[in-house]
Amino acid sequence: FSNVARVTTKEEKEPLWKDSMDRLRNIGISAHIDSGKTTLTERILYYTGRIHEIHEVRGRDGVGAKMDSMDLEREKGITIQSAATYCTWSGYQVNIIDTPGHVDFTIEVERALRVLDGAILVLCSVGGVQSQSITVDRQMRRYEVPRLAFINKLDRMGADPWKVLNQASEKVVTAGIPIEMEALAAEKRRELVETVSEVDDKLADAFLTDEPISTSDLEEAIRRATVAKKFVPVFMGSAFKNKGVQPLLDGVLSYLPSPTEVVNYALDQTKDEEKVVLSGTPDGPLVALAFKLEEGRFGQLTYLRHDLLLIPRLVRMHSDEMEDIQEAHAGQIVAVFGVDCASGDTFTDGSVKYTMTSMNVPEPVMSLA
Ligand code: GDP
């Protein structure tokens with residue numbers, strides 16, 4: 001059980017672990033099938049320099065033809081279909097956690113949502129808002145996950161992002177306007193303002209009038225409203241273009257919360273399952289949720305979210321590569337080897353008997369002590 005606080009010095013106003021937590025985003029990408037979730041994930045990794053090759057696909061959209069679909073599935077599987085991967089953007093670490101797009105509330109979906117601090121909902125500008133888009137959005141809402149929407153495939157013939165935006169405002173997101181574009185129907189605007197003004201007058205004013213508002217004030221207002229789940233900023237673009245993907249990534253950093261801004265709690269088994277708020281500081285007890293088990297080349301791998309651990313082997317995963325790490329701080333996604341547990345188990349350092357919940361069903365406590 002290592003302590004990250006020891007790397008800080010007295011001169012620093014904010015300890016390093018705090019700075020590194022502020023510069024962390026744990027996000028999921030959710031979508032109706034075929035909206036471009038896989039493509040977007042891969043392009044994010046590509047445009048941030050995390051991977052150096054992308055696959056031109058001969059899909060329904062008639063793009064390129066470098067691989068047959070078998071090869072592609074295999075390659076893509078290796079590239080992104082691991083439980084979690086990450087990239088670095090503008091000095092921030094963005095962990096992308098695989099959110100299974102199942103139609104129903106399975107325990108696996110719930111558990112994946114449980115470890116997210118924010119999400120991107122991908123919508124297709126041709127296909128529009130579809131039933132599964134509504135389902136995944138409802139799941140995120142239920143788990144109170146702040147989110148951005150990305151209306152994808154703007155490069156395609158027949159793309160109608162405005163229609164999709166209006167559909168989205170009605171069916172999915174509680175509120176939202178495109179960040180760069182204001183041309184929203186007056187009626188929609190008013191509705192939005194009402195929602196937003198509960199959170200932020202300044203933001204409401206900016207949308208209602210043409211009063212100038214500084215970009216930083218506006219950004220801050222949007223950020224607060226988004227984190228409060230009162231607002232869903234909408235981006236439009238094409239996953240194939242860095243001009244589509246990079247502003248979206250900037251949006252992830254600007255508007256979605258870091259682990260320090262999200263309240264995480266556990267249930268105290270010694271106090272009748274009383275809710276305890278987890279501090280996220282290095283002096284707090286270790287509490288980590290095993291949210292996914294994977295049988296891999298190296299044996300059983302357990303993906304954990306949360307605190308500080310010293311166990312047989314601690315790694316950070318990126319597709320099928322792994323990097324050994326010595327320690328991790330609150331909010332990080334790590335994987336461990338050589339630990340026998342079930343998905344949904346809570347790990348603690350033995351000083352507390354807490355359980356993290358998924359599906360609101362308390363699950364057994366594992367002690368590493
Ligand atoms: P998923 O099922 O949501 O993971 O969707 P995929 O990422 O597999 O994409 C479905 C199809 O849409 C593939 O043929 C992609 O090549 C294509 N696609 C994804 N994003 C874009 C885009 O921005 N523009 C165009 N034209 N096609 C896209």
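The values are calculated or read from the model by the stated rules, or taken from the named source; none is laboratory data. It should be emphasised that the depicted structure is a prediction, and the values quoted were computed from it without experimental measurement. Glycine also receives a Cβ, built like all others from the backbone with ideal geometry; neighbour counts cover every protein chain displayed. Accessible surface is based on the protein model in full, side chains and every heavy atom, while ligands, DNA and RNA are left aside. Shrake-Rupley method; radii C 1.70, N 1.55, O 1.52, S 1.80 Å.
Brief remarks follow.
- Every pair of residues 6+ apart whose Cβ atoms lie under 8 Å, when the first sits in the stretch 278-295 and is of a type in the set (D, E, K, R) while the second is open to solvent by 30 Å² or more (accessible area, probe 1.4 Å) and modelled with pLDDT of 80 or more: LYS292/SER343
- Between PRO257, PRO282, the distinction of being open to solvent by less than 40 Å² (accessible area, probe 1.4 Å) and at pLDDT 85 or above belongs to PRO257 only.
- Members of the stretch 226-277 found to be of a type in the set (Ser, Thr, Tyr) and within 16 Å of the ligand (Cβ to nearest atom), listed by number: SER238
- Filtered residue count, the stretch 265-277, keeping only those that are open to solvent by 10 Å² or more (accessible area, probe 1.4 Å) and in contact (Cβ under 8 Å) with a residue 24 or more places away in the chain: 6
- Which numbered condition MET157 misses (of (1) open to solvent by 10 Å² or more (accessible area, probe 1.4 Å); (2) in contact with a His (Cβ under 8 Å, 6 or more places away or on another chain)): (2)
- Selection of the stretch 221-244 for residues being open to solvent by 70 Å² or more (accessible area, probe 1.4 Å), touching an Asp or Glu at 6+ places or on another chain (Cβ under 9 Å) and in a helix (DSSP H, G or I) yields only ARG224.
- Total residues in the stretch 285-294, condition open to solvent by less than 20 Å² (accessible area, probe 1.4 Å) and in a loop (DSSP other than H, G, I, E, B): 1
- Scanning the stretch 119-146 for residues being surrounded by 17 or more Cβ atoms within 10 Å (Cβ to Cβ) and on the phi > 0 side of the Ramachandran plot gives a total of 1.
- Boolean, ALA149 is buried (at least 24 other Cβ atoms within 10 Å of the Cβ) and over 24 Å from ALA290 (Cβ atoms): yes
- If you go through the stretch 251-278 and keep only what is among the acidic types (Asp, Glu), outside any loop (DSSP other than H, G, I, E, B) and over 21 Å from MET140 (Cβ atoms), you end up with ASP268, GLU274.
- Flag for LEU218 being more than 16 Å from the ligand (Cβ to nearest atom), over 25 Å from ILE44 (Cα atoms) and not hydroxyl-bearing (Ser, Thr, Tyr): yes
Residue-wise test of (1) out of contact with any Lys or Arg (no Cβ under 9 Å at 6 or more places or on another chain); (2) more than 16 Å from the ligand (Cβ to nearest atom); (3) hydroxyl-bearing (Ser, Thr, Tyr).
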| site | (1), (2), (3) |
| --- | --- |
| ASN26 | no, yes, no |
| SER30 | no, no, yes |
| ASP34 | no, no, no |
| LYS37 | yes, no, no |
| LEU40 | yes, no, no |
| ARG43 | no, no, no |
| THR48 | yes, yes, yes |
| GLU53 | yes, no, no |
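- Residues in the stretch 122-173 that are outside any loop (DSSP other than H, G, I, E, B), out of contact with any helix residue (DSSP H, G or I) (no Cβ under 6 Å at 6 or more places or on another chain), within 12 Å of the ligand (Cβ to nearest atom) and not small (Gly, Ala, Ser): CYS124, GLN132, VAL136, ASN152, PRO161.
- A Cβ distance below 8 Å, combined with a sequence gap of six or more or placement on separate chains, defines the contacts here; from the stretch 22-51, residues that are free of Cβ contacts under 8 Å to residues at least 24 places away in the same chain and open to solvent by 10 Å² or more (accessible area, probe 1.4 Å) reach residues that are more than 8 Å from the ligand (Cβ to nearest atom) and in a loop (DSSP other than H, G, I, E, B) in the pairs TYR46/HIS52; TYR46/GLU53; TYR46/ILE54.
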